[in-house]
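One structure is given below, encoded as structure tokens.
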Amino acid sequence: MGFKNSIAWYYFSSPKNFYALAGKLIPWFWVLAIGLIGVGLYMSFFVAPTDYKQGESYRIIFIHVPAAWMSMFIYLVMAAYAIIGLAWKVRMADMMASALAPTGAMFTFLALWTGAFWGKPTWGTYWVWDARLTSELILLFLYIGFISLQSAIDDPRRAAKASGLLAIVGVINLPIIYFSVKWWNTLHQGASVSPTMAPKMASIMLTTMLIMAIGFWMYTIAVVLMRARRIVLERERQTGWVRELLLGEGK
Amino acid sequence: MTEDGLFVAWRAMLVRDLTLAMRRRADVLTSLFFFIIVVSLFPLGVSPEMAVLRGIAPGVIWVAALLATMLSLGRMFSDDHQDGSLEQMLLLPQPLSLLVLGKVLAHWLVSGLPLVLLSPLLGMQLGLGADAIGLLMLTLLLGTPVLSLIGAIGAGLTLGVRGGGVLVSLLVLPLYIPVLIFGTGAVDASLGGMDYEGHLSLLGAFLVMALLTTPLATAAALRISVE
């Protein structure tokens, strides 16, 4: 079984086979994404009960928290692809890492944006220098650094390697940055507002949040596969199969 | 390879880089004056009140030190890259990370240590007391080598890249944040009458960790960029 599996991995790490497989999978992930996010949004607006303390405004957490989860998780996945790309020289892994970055940055921004909109009614201010907000902001900087390094280097192979190394350095630093910011925050602010929620969360809320998170995952996979397909075409444009494919489409 | 050979290579790299820096003193002085000017802008921009300045002094001096280090990072490898000597270094039998360590030490001696030595003057201008100034110097002494070590990765990655100077700040400044937090935190804690030893221990831990790991990452970055 393990042997068979490893063959499948090798098979799909070839850009040509990946391109074909991704093309078949993308519609399914879109269907799942739209379905789950649709159900999740319905539940967040109509099924989940009104919070007794925060009223209706708390409902933004159904986007905010899953987006924040995704922002961190995508960085980890990106770094994992970067390690695979650098260690085993798998080109497809490099392309996946660069395809993930914009979506990760988008979710980081979404988490910050929704956080600000949630902060206004709850804490009376759009922004506090809370540990979580600050480290989310730094995460956005890390994503932007990755994307700008990649776009600044013309040679795609060097760009992939350089930004991959940066992602690995970043992922080692993330916990250090997070705990530094946390400690800094407790030293500076003392007891002030914190986005920690009431410990006992109604299970319906948790379910809704999980559905939204899985929906976001499906969306991420769909979008990242689409982006990776474009990157494959761009980087493999000299190869025969891409030419055939493009000429075939042009007919 | 004998240990002597490694040491000789490391020392040769250090002496070479220091000699080169001494022949181009203007470069070194420019980033030092940059440091002084940035700090001097704060009283003009914020307030000349000593009480206000004293509160922000550690942060201002530390941020200025980060920016001054950033400015000088471009020099670390770019000249060697342009004249081809970096490629020769990559071909040496000695491990590249060891040579990188020599270069980073030279960079710190030229652009980090002067910041440490200048900081008391700037601290006085911003109204810090003698104890706080001593502590500020100690945090800079522990922290600025970390800045050079981490910065070397960014300098290696952006070697020969268009707009590398601005790009390197985008890559490296987020990674400087822990050093900034504990560097200023120690002085703030002592001003507030709190214990600051934890901050110093953490800065020391960052230094040890950076010494052990960043030369490897920088060597990898250089190989990617020169390839």
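All told, B:R54 falls short of being over 25 Å from B:S201 (Cα atoms), open to solvent by 40 Å² or more (accessible area, probe 1.4 Å) and among the basic types (K, R).
Which numbered condition in (1) over 27 Å from B:Q94 (Cβ atoms); (2) touching a residue at least 12 places away in the same chain (Cβ under 8 Å); (3) within 16 Å of the chain's Cα centre (by Cα) is the only one that B:L18 fails? Just one mismatch for B:L18, condition (1). A single member of B:A205, B:A189 is under 30 Å from B:A51 (Cβ atoms), within 12 Å of chain A (Cβ to nearest Cβ) and among the aliphatic types (A, V, I, L, M), and it is B:A189. Residue check: is A:I26 more than 30 Å from A:V242 (Cα to Cα) and at pLDDT 90 or above? No; evaluated as a whole, the condition is false for this residue.
Test A:A105 against the stated conditions and say whether it is open to solvent by less than 30 Å² (accessible area, probe 1.4 Å) and at pLDDT below 95. For A:A105, the condition - open to solvent by less than 30 Å² (accessible area, probe 1.4 Å) and at pLDDT below 95 - is not met. For the range A:160-180, taking the residues that are touching a residue at least 12 places away in the same chain (Cβ under 8 Å) and small (G, A, S), the one that is nearest to the other protein chains (Cβ to nearest Cβ) is identified as A:A162. May I ask you to say which residue of B:L171, B:L207, B:L140, B:L175 is in a helix (DSSP H, G or I), within 18 Å of B:V100 (Cβ to Cβ), within 16 Å of the chain's Cα centre (by Cα) and modelled with pLDDT of 95 or more? Only one candidate qualifies: B:L207. Of the residues making up the range A:143-159, just one is open to solvent by less than 10 Å² (accessible area, probe 1.4 Å), more than 13 Å from B:S225 (Cβ to Cβ) and hydrophobic (A, V, I, L, M, F, W, C), namely A:F146. For the range B:179-203, which residues satisfy the criterion of being open to solvent by 20 Å² or more (accessible area, probe 1.4 Å), touching a residue at least 40 places away in the same chain (Cβ under 8 Å) and out of contact with any Phe, Trp or Tyr (no Cβ under 6 Å at 6 or more places or on another chain)? B:D188, B:L191, B:Y196, B:L200 - these are the residues of the range B:179-203 that are open to solvent by 20 Å² or more (accessible area, probe 1.4 Å), touching a residue at least 40 places away in the same chain (Cβ under 8 Å) and out of contact with any Phe, Trp or Tyr (no Cβ under 6 Å at 6 or more places or on another chain).
Helices (runs of 4 or more DSSP H) fully within the range B:66-109 that include at least 1 residues being open to solvent by 60 Å² or more (accessible area, probe 1.4 Å) and touching a residue at least 24 places away in the same chain (Cβ under 8 Å): B:75-82, B:85-91.
The values are calculated or read from the model by the stated rules, or taken from the named source; none is laboratory data. Computed from a predicted model, the values in this text were never measured in an experiment. For neighbour counting, all protein chains shown are included, and Cβ atoms are generated from backbone atoms with ideal geometry for every residue, glycine included. Accessible surface is based on the protein model in full, side chains and every heavy atom, while ligands, DNA and RNA are left aside. Shrake-Rupley method; radii C 1.70, N 1.55, O 1.52, S 1.80 Å.
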